[in-house]
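Some notes on the structure that comes next.
Just so it is clear, none of the values below were taken in a lab; they were calculated from the coordinates. Bear in mind that the values here come from a model prediction, so they are computed numbers and not experimental data. So basically every Cβ, Gly included, is an ideal-geometry build from the backbone, and we count neighbours across all protein chains shown.
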């Protein structure tokens, strides 16, 4: 009987632990010279984001189901939590796509207006899920030049706003 109770207790504890210990959002910002646009692709663990949005809205959500309502919710969330200024110009994010890749929700945006330059002064506020998960880690990778010159900004715990100058490497 003790073994059965032990096994039931162990199963209960295992069922309560989080599905993945890593709390992370990665954004890749890439300039597309053929379109003249700056595309941003956010990657979230959909269950973390869903939990946070359910707390925020008081609704039961199903983020893996791509719907117009979910896309509006995602757009509002990202626009409130992610504030990007490039060369002192505010970038307005426009939602262009959403998809699911296994446990990851991939959400695409276009940043407008964007003007290509030789030097980029970045002023970025990124608070995505930092208030919900104390161990949340956000990373933004910029690819302005398409030559492997990737610059990264990391946000965790106390970091909410960072600045960086990005210059093409020779």
Task: Extension gain, residue 169 back to residue 102 (0.36 nm per residue minus Cα-Cα distance, nm) - done: 20.5 nm
Open item on the list: If you take every DSSP beta bridge fully contained in region 20-167, what fraction is antiparallel? Give it as a percent rounded to 5.
Closed with: 85 percent
Task: Most mobile of 93, 22, 84 in a GNM of the chain (Cα contacts under 10 Å) - done: 22
TODO: Mind telling me which of 40, 130, 73 comes out most flexible in a GNM of the chain, alpha-carbon contacts under 10 Å?
DONE: 73
Open item on the list: Neighbour counts of other C-beta atoms within 10 Å: give me 119, 110 arranged from fewest to most.
Closed with: 119, 110
Open item on the list: On alpha carbon coordinates alone, what is the Rg over Rh value for the chain, Rh being the Kirkwood radius?
Closed with: 1.08
- [ ] Whole Å is fine, so just give me how far the alpha carbon centre of region 105-165 lies from that of region 51-87.
- [x] 18 Å
